[in-house]
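Take a look at the structure set out below.
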Amino acid sequence: MGNCFSEVAAGRAAIGGTARDFHNLAGAPNDAVDNFLRSHGHHGLFSQIELSFSASGLRDRDLLFKSNPMMVLYARGKNGALEELRRTEVVLNSSSPTWITKHTLIYHFEVVQALVFRVYDVDTQFHNVDIKMLELDEQQFLGEATCVLSQIITQPDKSLTIDLHTEDSIGSTLSKNSGKLMVHSEECISSKTAIEMAFRCSDLEYKDLFSRNDPFLLISKVVEGSAQIPICKTEVIRNDLNPIWKLVFVNIQQVGSKDSPLVVECYNFNSNGKHDLMGKVQRSLAELENIHNNGQGENLFLPSADGQNHDNKVLKSQLFVDKFTESVQYTFLDYLAGGFELNFMVAVDFTVYLEEPLWIPQNANPLRPLLSGSTAASNGNPRLPDSLHYIDPSGRPNAYQRAIVEVGEVLQFYDSDKRFPTWGFGARPIDGPVSHCFNLNGSSHYCEVEGIQGIMMAYTSALLNVSLAGPTLFGPVISTAALIASQSVANGGRKYFVLLIITDGVVTDLQETKDAIVKASDLPLSILIVGVGGADFKEMEVLDADKGERLESSYGRVASRDIVQFVPFRELQSGFSVVQALLAELPAQFLTYVRSRNIQPSL
């Protein structure tokens with residue numbers, strides 16, 4: 001699961017670049033282990049899930065014999081194509097089979113993983129044929145069921161029952177009496193034991209007499225061939241040769257066992273990404289525990305140029321383990337199974353900067369004063385094809401609609417009632433003042449809509465009933481979302497809220513937005529910001545702690561954790577999708593919140 005991080009910032013303190021010993025990670029702004037995984041094709045949270053299958057009420061072959069059922073599992077791609085993943089064994093003469101064959105697959109939080117299950121009655125003449133060699137069109141089709149993986153793992157008992165369907169003779173409608181399929185999921189995790197450690201060093205040696213020494217620790221496991229795989233890192237301590245770092249967590253499953261060898265390296269941070277090695281030790285978790293129990297330090301060493309251990313240079317610098325404790329560390333899926341939900345919220349930017357008159361909805365007062373501005377922006381007149389808000393008669397979604405659908409179709413499965421708070425900002429409702437947080441459904445009493453389709457309908461309707469205005473203020477919508485999250489906490493709710501903000505320009509109230517984010521960092525809330533259009537969004541990146549230091553409010557308070565993800569939509573139109581980039585950090589943000597408050601799932 002990769003559950004190893006700094007206590008305060010979930011292991012995402014901004015250590016730009018990497019150590020010289022692993023160049024494949026150079027220039028990466030995030031946690032070392034996440035970047036290693038991404039360099040190997042993995043993105044965000046992933047976990048192995050084992051699926052088990054059974055069925056009931058299957059159709060009988062005839063009056064004398066029951067069916068001989070076999071199930072085939074498929075993955076459905078975005079283009080609708082099916083990829084066969086697994087075939088079960090054949091269960092003889094049974095209308096309620098429980099198959100022994102399991103299937104293990106990787107669960108990706110940020111991806112909609114659509115599954116298709118087809119059940120066949122295998123004729124007796126094929127019982128001596130390897131199931132992999134069976135021609136499915138020669139078997140009797142008993143029914144089909146579909147779901148997404150998220151629907152299975154979010155069930156309280158991690159089991160989902162789905163109706164099996166078969167087409168009628170016309171092939172246009174589906175029968176409801178073809179039986180039921182039960183799918184059960186289990187997370188494949190050998191250990192949930194986590195080690196909590198606090199490190200410090202003494203008498204580190206200067207690497208550069210003419211510049212600062214900013215040390216941080218990188219912990220890696222040693223695998224076959226003496227290769228090192230990064231596990232986690234500390235934050236950077238500025239200009240200190242006797243640094244004391246915040247707590248880090250290491251999951252036993254990541255390491256292998258308490259006796260598996262680890263390397264703890266101390267580096268001097270360099271902004272160019274070429275960090276200087278100040279010394280290291282190689283010890284297992286068990287040996288680090290002994291260092292803690294003895295209260296004595298371990299001398300760091302610098303490896304010899306030829307790699308021979310007896311030529312290593314032992315330094316006076318020492319590593320101390322001030323804390324070493326073991327605890328059970330629940331996973332993201334444990335919290336989902338324990339009743340936690342992710343609640344989706346949306347805020348849409350209706351601002352525009354003008355050199356020419358504003359677009360006014362058809363039923364608005366044409367004599368109303370208009371907002372003046374400076375330069376034309378990409379939101380523009382929604383009636384014109386060059387506007388980001390243009391509704392194409394062909395049905396092709398605009399950038400705002402695409403962002404809503406792509407993020408919403410992932411998060412909707414983690415929200416049981418699928419009622420989503422939805423707002424607009426920076427627009428002038430009919431015959432009213434400019435509003436920086438208005439209910440997108442047009443109601444003055446409630447902000448929720450039904451499902452993703454409800455968001456789309458409210459958005460389209462709003463375009464007909466408001467005029468684009470400005471300026472671009474995030475503070476009001478963030479504060480409104482934070483209020484809902486705060487009320488949920490006060491009522492004992494087991495909910496985590498995710499606010500999607502879609503904007504075409506740089507925020508105007510930057511400091512007010514920072515203040516709102518810092519305040520919200522103590523609440524069960526994450527903020528996903530999508531920048532659409534061709535604006536320069538560099539100023540927006542300061543809100544995302546991955547690309548800089550943690551946010552500080554105007555009154556000197558620092559955010560307790562990173563809750564913002566920002567990404568320009570245009571950078572993600574090929575290959576790596578906007579959904580994956582936005583959602584990759586969400587599970588870690590969720591876990592940081594619940595673990596820092598010692599909130600445990602109800603299992």
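Among the residues of the stretch 46-59, those that are under 18 Å from Leu136 (Cβ atoms) and either surrounded by fewer than 19 Cβ atoms within 10 Å (Cβ to Cβ) or modelled with pLDDT under 95 (or both) comprise Leu58, Arg59. Would you point out the residue of the stretch 323-355, among those that are at pLDDT below 85 and closer than 30 Å to Cys437 by Cβ, that is surrounded by the most Cβ atoms within 10 Å (Cβ to Cβ)? Residue satisfying both the conditions and the ranking: Val352. Residues in the stretch 60-96 that are closer than 17 Å to Leu136 by Cβ, in contact with a strand residue (DSSP E or B) (Cβ under 8 Å, 6 or more places away or on another chain) and not in a strand (DSSP E or B): Arg61, Ser67, Asn68, Thr88, Glu89, Val90, Val91. If you go through the stretch 564-577 one residue at a time, do you hit one that is farther than 22 Å from Asp504 by Cβ, open to solvent by 10 Å² or more (accessible area, probe 1.4 Å), modelled with pLDDT under 85 and outside the structural domain of Phe249 (by the TED database)? Yes, there is a match, as at least one residue in the stretch 564-577 is farther than 22 Å from Asp504 by Cβ, open to solvent by 10 Å² or more (accessible area, probe 1.4 Å), modelled with pLDDT under 85 and outside the structural domain of Phe249 (by the TED database).
Scan the stretch 490-502 and tell me whether some residue there is assigned to a helix (DSSP H, G or I) and either open to solvent by 10 Å² or more (accessible area, probe 1.4 Å) or more than 25 Å from Leu384 (Cβ to Cβ) (or both).
Within the stretch 490-502, one or more residues are assigned to a helix (DSSP H, G or I) and either open to solvent by 10 Å² or more (accessible area, probe 1.4 Å) or more than 25 Å from Leu384 (Cβ to Cβ) (or both).
For Glu287, which of the numbered conditions (1) assigned to a loop (DSSP other than H, G, I, E, B); (2) free of Cβ contacts under 8 Å to residues at least 24 places away in the same chain; (3) out of contact with any strand residue (DSSP E or B) (no Cβ under 7 Å at 6 or more places or on another chain) fails to hold? Only one criterion in (1) assigned to a loop (DSSP other than H, G, I, E, B); (2) free of Cβ contacts under 8 Å to residues at least 24 places away in the same chain; (3) out of contact with any strand residue (DSSP E or B) (no Cβ under 7 Å at 6 or more places or on another chain) is unmet by Glu287, namely (1). Cβ-Cβ distances below 8 Å connect no pair with a first residue in the stretch 406-420 that is under 18 Å from Leu582 (Cα atoms), a second residue that is of a type in the set (Ser, Thr, Tyr) and assigned to a strand (DSSP E or B), and a separation of six or more residues or different chains. Evaluating Asn439 against the criteria (1) touching a helix residue (DSSP H, G or I) at 6+ places or on another chain (Cβ under 8 Å); (2) closer than 21 Å to Val507 by Cα; (3) open to solvent by 10 Å² or more (accessible area, probe 1.4 Å) leaves one unmet condition, (1).
Taking each residue of the stretch 298-312 that is modelled with pLDDT under 70 and looking for partners that are open to solvent by less than 40 Å² (accessible area, probe 1.4 Å) with beta-carbon atoms closer than 6 Å, six or more apart or interchain, yields nothing. Figure legend. Inter-residue proximity from the stretch 235-247: first residues on the phi > 0 side of the Ramachandran plot, second residues of a type outside the set (Val, Ile, Thr), beta-carbon distance below 8 Å, spacing 6+ or different chains. Indicated pairs: Asn239/Arg212; Asn239/Asn213; Asn239/Asp214. Looking only at the stretch 458-473, residues that are touching a strand residue (DSSP E or B) at 6+ places or on another chain (Cβ under 8 Å) and touching a residue at least 60 places away in the same chain (Cβ under 8 Å) come to 10 in all. For the stretch 474-484, the set of residues classified as open to solvent by less than 40 Å² (accessible area, probe 1.4 Å) and either part of a helix (DSSP H, G or I) or more than 21 Å from Gly505 (Cα to Cα) (or both) consists of Gly475, Val477, Ile478, Ala481, Ala482, listed by residue number.
Of the listed requirements (1) free of Cβ contacts under 8 Å to residues at least 24 places away in the same chain; (2) assigned to a strand (DSSP E or B), Ser54 misses just one: (1). Determine whether the stretch 523-530 contains at least one residue that is open to solvent by 40 Å² or more (accessible area, probe 1.4 Å) and in contact with a helix residue (DSSP H, G or I) (Cβ under 9 Å, 6 or more places away or on another chain). The answer is no; no qualifying residue exists. Whether a residue is at pLDDT 85 or above, touching a helix residue (DSSP H, G or I) at 6+ places or on another chain (Cβ under 6 Å) and crowded, with 21+ Cβ neighbours inside 10 Å was assessed, and Lys233 passes this test. Considering the stretch 99-136, the residues that are in a helix (DSSP H, G or I), without any contact (Cβ under 8 Å) to a residue 24 or more places away in the chain and not aromatic (Phe, Trp, Tyr) include one that is nearest to Thr161 (Cα to Cα), namely Met133.
Residues that are free of Cβ contacts under 8 Å to residues at least 40 places away in the same chain and within 20 Å of the chain's Cα centre (by Cα) do not occur anywhere in the stretch 507-521.
Among the residues making up the stretch 236-285, those that are among the hydroxyl-bearing types (Ser, Thr, Tyr) and at pLDDT 90 or above are Ser260, Tyr267, Ser284.
The values are calculated or read from the model by the stated rules, or taken from the named source; none is laboratory data. Quantities reported herein were computed from a predicted structural model and do not represent experimental measurements. All Cβ positions, even for glycine, are placed from backbone atoms using ideal geometry, and neighbour counts span all protein chains on display. Heavy atoms of the whole protein, side chains included, go into the accessibility calculation; ligands, DNA and RNA do not. Shrake-Rupley method; radii C 1.70, N 1.55, O 1.52, S 1.80 Å.
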